[in-house]
Structures are given as C-alpha cells and as structure tokens.
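Each remark here refers to the structure printed beneath this line.
Every read-out reported here was derived from the displayed coordinates using simple, explicitly stated rules and does not represent laboratory data. In this text the structure is predicted, and so the values were computed from the model without any measurement. Cβ sites come from the backbone with ideal geometry, for glycine too, and all protein chains shown count toward neighbours.
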Amino acid sequence: MSMRGLNFVLIVTVLLGGVLPSAMAEERTSGDALIEDFTMQPETRWRFFTDQVMGGRSTGSVTFVQEDGQAFARMAGRVSTANRGGFIQMRLDLPSPPPYGTIGVRLVVRGNSQRYYVHIRTTGTLLPWQYYQEGFEVTEGWREVRLPLDAFAASGALLRSVPAADSLTSIAVVAYGRDHDARIDVREVGFY
C-alpha cells in the first residue's frame, strides 16, 4: 500500500472511532501487529510489581536496556512462594483492543532457559486475581514465541473458557509459581 493509501486508512479509522471498514480489516490483519519494541519511553507504559502487593516475598525489577542497537526490557528477580506468594511481573495496559482478526500473542524473548508466562486480562477479569495464562520456554538466544488465545487457561471458573481478542485490556510477562531466580529479556510484544 502506498503512503497516501495508508494515510487514507488511518484517517478513515480515526473518523470511525478506531473501527476499520471490513474491506480494509483483512489488509490490516494480514501480518503481525507490533504493540511494543521498547524504543520509545517504555517506562511510561510498563508497570512492574510483585506478590508483595498481597504479602508475598518475591523481589525484582524491570529495566529498559539497549544492547547492540536493540532495545528491550529485562525483568529479573527472585520468585518466592513464601507467605502464599509466587510471582513478579511486568504489565502493559492496552490503550485499545488488538486489531480485528487477532488470534494470539507474539513475543520475541530470551532468558535463563526457564519457563515463563503471559497473563492477559480482559473486560471480564474484574477481580485482581483473575487472568488468563499461557506458558512458554526461553533460551539464551532470541526467539519468537506465538501463543494462541485459545491455549490460554482461565484462572477461575467464573471466567469464559477462551478470552475474546476484542475484550483484552492488558498483557503481562510473568515469572510465576515456584521458587526460582528469574531473568527474561523481551524485545517485542504484539499480536498475530
């Protein structure tokens, strides 16, 4: 699509309140939708917190790093299940739902060869302990991870079984559930 055509699509989208006409929706969703590459003040969008908000003992931090011209977030810390705790997380509140046709979450990650999780929240996750979760493995080298929405498990029986893409309100990268040292780097976050 030419720059002029892309500008037209953006103007029409804004005028229609962020909804793409169906003829243009397929064009928009034919590829991946990048929502974060950590190049433009990510500290203004991402929040870090631990189970200490509920009395747990996990500790850690998120830092925003440049290495060999690549920007990324590094979440590191110690996850402790003491005192009924067990998580550290970095969370992004979504300013709008994912593009029409979204079927999954896409990350580019590396880390300390352990299992991590993505937690997503929706308009239906009203209580602080409600979320949908899917796990993934990291290696020492950068790799792409694709997590289909229908693979995410609800944290409780009161939630619908599969999260609807148009109801997503936040996405989090989480070290969770067991005593361990966490270190995960996230270079891209998006949808597919």
Grab the other residues whose beta carbon is less than 11 angstrom from that of Val138, score K and R as +1, D and E as -1, and report the net. +1
Between Leu94 and Thr59, Cβ-based FRET efficiency (R0 35 Å, step 0.05) works out to 0.80
Does anything in the range 110-132 have its amide N under 19 Å from the 7 Å Cα→Cβ label point of Leu158, and if so which residues? 120-132
If the convex hull of the alpha-carbon atoms of the range 60-120 is projected onto planes in all directions, what is the mean projected area in square nanometres? 6.3
Surrounding net charge for Ser167, when Lys and Arg each add one and Asp and Glu each subtract one, Cβ distance under 11 Å: +1
How far is it, in nm, from the label point at Arg47 to the one at Arg78 when both lie 7 Å from their Cα along the line to the Cβ? 2.6
Hypothetical label at Glu137: residues of the range 75-94 whose amide nitrogen lies under 13 Å (7 Å Cα-Cβ projection): none
Can you give the percent of C-alpha pairs in the range 31-191 whose distance is more than 25 Å? 26
List the GluC sites (Glu not before Pro) in the range 111-173 that DSSP assigns to loop (not H, G, I, E or B) and whose Cβ has at most 12 other Cβ atoms within 10 Å. Which are they? Glu140
Among residues other than Glu67 whose Cβ falls under 15 Å from its Cβ, what is the net charge (Lys/Arg +1, Asp/Glu -1)? -1
Return the FRET efficiency for the residue pair Glu144, Asp179: r is the Cβ-Cβ distance, R0 is 22 Å, and the value is rounded to the nearest 0.05. 0.15
